[in-house]
Structure formats: structure tokens, C-alpha cells
Amino acid sequence: MALVDLIVVGAGPFGLVAAHTWLELNPDDNVIILESAPDLGGVWSKSRMHPIITTQAPQGMFEYPCYPMEKQPKDQTFYNYFPGSRVTAYLDAFSTHKLISGKTLQERIIFNSHVKHIAKSQETWTIETESETTFTSRKLIVATGLTSTPNLPSFPKGSFTPPIIHSRSLAASVPLISSPTVNDVVVLGGSKSAFDAVQILHSLNKSVTWIIRTTGQGPAFLAAPNAPWPLHSSHEIISMRVVAKMSPCIYEPVDSWARFCHGNKVGIRMVDAVWSFVDWMWRRVAKFDRDENMKGLKPGRTVYLSADGLAVSNAKGLWDNVSKATILRDEVERAEGHELVLKSGKRVSCDAVVAATGWLNTYPMFDDALAMELGLPIPPQKAQDDGTDAAAWDDLFAEADKRVVEAFPRLANLPSYPHAEPKSTPSKLYRSIIPITAGGINHSIAFVGAIGSAQSLNIAEIQALWAAAYLSKKLSLPTEEMMKKEVALSIAWRRRRYLEDGYNIIFEHVQYMSLLLRDLGLNDLRKGGGWRELLVPYVSADFRGILEEWRELQAALE
């Protein structure tokens, strides 16, 4: 196939807006989007959507700034959270709403094109799909995100015959689950996907046993959907800068407010009181103490220390529905026949298993050597860094850890909680977008969607512009050494802030968006300053027009 200008891998929310942004800036370029599924939308695609699924962000905070979403009628929302099917329709409409050089985005997508291998060849990238089709491109944006490669349970299965269905495939498996031969279903895992799975199974009148291991983070911490007056939703709480300032964060300079909140005894007590109130306010909705069974869903961590396990109780009757499951805090040791054998000795009979066991946040289409060169996360057992390079990173982590503690003394003494062994090494992408190696990469590859957030579509559009500026060599970057220090600082900070490696930034998403906008030379204080900047929640409309602002800035610089 002829050399193309840009290939985007993934037609989910991040891939779509990445391709759109590049074409807005380079309308004559030949751009192809490769999508493994038969439809677009990623986690919001029609093939992965069930009517019960609802957004994790409310109206006004879950839309591309460049493409406003029509507001849903109040009777079709729950505290402004709305059906996932509306997101599916919205992304489909976005993919067809504009012709650029005679084509819509959707006409540039090649569906059923699962990428199995990507390699660097001189000045181009070679992309091979499972259908044995090969593409060659000057530039590459990988937008496969955090929810592409399922993490399936690894316990011995022996003679076990019931189907094991990852939560990704649950919607497509509803006909199977609905069968009269399937009555007893086990759900594994404590993530929000597990809550959704239990709700779906409840709607199908199935008997559910819900097993959440004791060695992981435990059940997800589900925020209340609403918020005290004058706010409307819990998202508005965490989208105000005044609350964001109460989380020690390395995405912005440490100012007097940060020093007071995280280094002064009075400030630390004040901040602790705020987080304790939020924690109490969100826990009381669930009524965990209603019976012994529900106590199994009580989060082990405080809300302040939750990130990867934080979500929203975004559906009416959610807590009452999930309380009908039999909840077990135990470990699966093996499976045999029609039973799961637990560490406690208990045996659970079932007709099917739904594994809400998360994702492998890796990029298997890259060989291990290239993945390490790019700074991508890889399975720990495959991490075979050169000894000198590993030692250099260890030194950087140690130095960064000292910087974190000096900036935020409250992070010096950390509590201890159970947590699972990491499924991958930490990502070493600068700004969670680009590799920091100079070895032959030459501004030709970027990764978007490698970070989870409370306002993912806003971050998607900002990351898309940042990536386009980088690939166009119009983004000023620090030296490679400085980028390594920044990456080490980000990893060291998260290990202290949230006690382990991870990819979600919930309480710091406003600062992260500001960081990327400052890199681009754009105004990041978009509320007009003063009290509004601190007290008015950020919404998608606040970032409307960033592409035009960047174009004007570039024109002024030429």
C-alpha cells in the first residue's frame, strides 16, 4: 500500500478527535484510522454497549469542546449522568459531521483491522494487521487507550466448563447469559465494571455471587451522584480548582496555597477535614452497614487515596440492586467442573463467570525492545532493562522522590493498604503522550488516551492538539535529560500520592489539562480569573476554541 501521512490506531473517543485535529491542521494529508472492532467508539461502541450503562461524567463535562452535545431531557438523565447509548450516537455523529478534503472521519476508518505488529523502519512506521494487511506511514498516533487488552483471570481452570466472559464482552454475550440454562453467575473483581455487570445480571434475573479478592484494592469507591447546593453533581466538586488545590500535585508550580495545604500543620488538618467530609458524604449513600453482606462492598481506602478505584454511583437504585448479590471477599484458587474453589475452602457452583478483572495497560503490538525504547509499560516479567539504564532510572526515581516529599511534606508518611502486584512497568511517556528517547523516533509517534480521567473527552481534545503540535515539530520541548526527570517525578509522585503505579488522575485532571495548555502556549486559566477561577467547576465549554487559539498563536510566530 502507498505511503500515508498519518495512521491513527483506534477509533475510540481519543482516536477520533486525534484524527480530526490533525486533519483540521493538515487537510490535504492522507489519514487512515485502523479499528479492530466492527464499529467505532471504543468502550462506547455499539457492540460493547448495554442499555444499563450510563456515563461516568455529567452533561456539559462529557463532550468534545469542539463539538457540543445536544442536552438530554431531564427524564432521560440521572443527576445529569446520561445513557451510554447517547455517547455511541454522539461519536457516530462526530465521525460524519464534517467533510475534510471530501471525506468524513468515518470514511477514513478501516474496521475489523486489529493491529498485531508495529515496527520502525528508517523514516516510516510499518503497521501489520491480523488480516495480513500492511500499512506504511510517516506519522503514527496510537489511541488504543486503557481498555483494549482484557486482563483475564490466571487461576488453574482444569476441567472447568462454564464460559468465562470478560466484562468487555458482556453486552455481546447477553444472549448467551439470558439462556435458561444459565442461572447462577459469578462476577469477579471490584471495579466499576463489576458493579455494572452485577446490575446487568440483576436485570436478567440471574442469581449472582460476587467475589472480590482481599489482596487487591478492594471494591471501587463510588461517589454519590449529587452534590450539596449550589452544585449539582460530584464531578463539579472535583472539577473546581479550589478542591484540586487540596490534592498535592506536581502538574503545576508549588505556590503558597499548596505549601499551606500540604506543608503547614493547620493547612493539612483543614484539608484532611474537607476530604473526610467528602468521604463521609459519599459513603453514606451506599448504607454499607445495612447488613453483613453489604459490608463486603465497603471501600478499604479513603476517597483521598482512591484513583484507579474511584467511580460514580450513576444509576437509580444501583446500591439496592447490587445488594441482592451474594458478596464474598475471598480469592479464587482454582476452577474445576462447574465450581470455583476459593482460598477459604468454599466452593461456588456456577453456570458462567463474568471477569471484571481490568485491563493490561500494555501495547502488545510493539516488540519488547521497541516498547522499552519508547518507554511503554510492559509486563514485569519481560522487563529486562540494560543494567546501566535501570540504575540511571533508579537514581532519577530516588531524586524525584526527595523532590516530592520536600514539596509536599504530608506525603512523607504513608499509610499501608493491600494492593495487587503491578500488571506492568510504569509508563515513561513524557506528559503521558510521547517517548523521550531521541533514537530514531524524530517526532513521528504519539500516544493518546494513556491516562484515565474524570473529564476524558476534554483531555482527549487537548491531548490531540498537543500531539499534533509535537508531530508537526511546533512544540517547544525541554532537553531529553529534563524530560526524564519530569517523567521520574510523575512516577514518584503517584507512588506517594496514590501508593502505587497507575494511570488514572481523578482529583488532578484540571491541573493536567492546564499543564498541556501551558506547554502549547495557550491560556490555561479559562474562567476569567478571580473567584470564578477557584470556585466555578470546569466544563467542556471552557476549552472551546483551543485549536483556533493555537492557530492564531502559530500565525503570530511566523
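A few remarks follow.
- The lone exception for residue 529 - which of (1) in contact (Cβ under 8 Å) with a residue 12 or more places away in the chain; (2) more than 30 Å from residue 395 (Cβ to Cβ); (3) open to solvent by 10 Å² or more (accessible area, probe 1.4 Å) it fails: (1)
- Flag for residue 348 being over 30 Å from residue 442 (Cα atoms), surrounded by fewer than 21 Cβ atoms within 10 Å (Cβ to Cβ) and among the aliphatic types (A, V, I, L, M): yes
- Screening the stretch 157-259 for strands (runs of 3 or more DSSP E) wholly inside it with 1 or more residues that are buried (at least 19 other Cβ atoms within 10 Å of the Cβ) and among the charged types (D, E, K, R) returns no ranges.
- All of 57, 19, 11 fail the test of being under 20 Å from the mean Cα position of the chain (by Cα), over 30 Å from residue 233 (Cβ atoms) and of a type outside the set (Asp, Glu), apart from 19.
- In the stretch 260-271, residue surrounded by the most Cβ atoms within 10 Å (Cβ to Cβ) [restricted to those that are without any contact (Cβ under 8 Å) to a residue 12 or more places away in the chain and in a helix (DSSP H, G or I)]: 267
- Count of the stretch 499-515 residues, restricted to those that are open to solvent by less than 30 Å² (accessible area, probe 1.4 Å), in contact with a Leu (Cβ under 8 Å, 6 or more places away or on another chain) and not in a loop (DSSP other than H, G, I, E, B), is 1.
- Among the residues of this structure, residue 318 counts as one that is open to solvent by less than 20 Å² (accessible area, probe 1.4 Å), of a type in the set (A, V, I, L, M), under 27 Å from the mean Cα position of the chain (by Cα) and at pLDDT 95 or above.
- Filtered residues of the stretch 344-377 (kept if under 17 Å from residue 147 (Cα atoms) and part of a loop (DSSP other than H, G, I, E, B)): 356, 357, 358, 360, 361, 362, 363, 364, 365, 376, 377
- Within the stretch 54-109, tally of residues that are in contact with a strand residue (DSSP E or B) (Cβ under 6 Å, 6 or more places away or on another chain) and within 23 Å of residue 465 (Cα to Cα): 2
- The set of residues in the stretch 281-308 that are part of a loop (DSSP other than H, G, I, E, B), in contact with a strand residue (DSSP E or B) (Cβ under 6 Å, 6 or more places away or on another chain) and open to solvent by 20 Å² or more (accessible area, probe 1.4 Å) contains only 308.
- Single residue of the stretch 440-486 satisfying the filter (among the basic types (Lys, Arg) and closer than 27 Å to residue 526 by Cβ) that is surrounded by the most Cβ atoms within 10 Å (Cβ to Cβ): 474
The values are calculated or read from the model by the stated rules, or taken from the named source; none is laboratory data. Everything numeric in this text was worked out from a predicted model, so none of it was measured. Using ideal geometry, Cβ is built from the backbone for each residue, glycine included, and neighbour counts are taken over all protein chains shown. We work out accessible area using only protein heavy atoms, side chains counted, and drop any ligands, DNA or RNA first. Shrake-Rupley method; radii C 1.70, N 1.55, O 1.52, S 1.80 Å.
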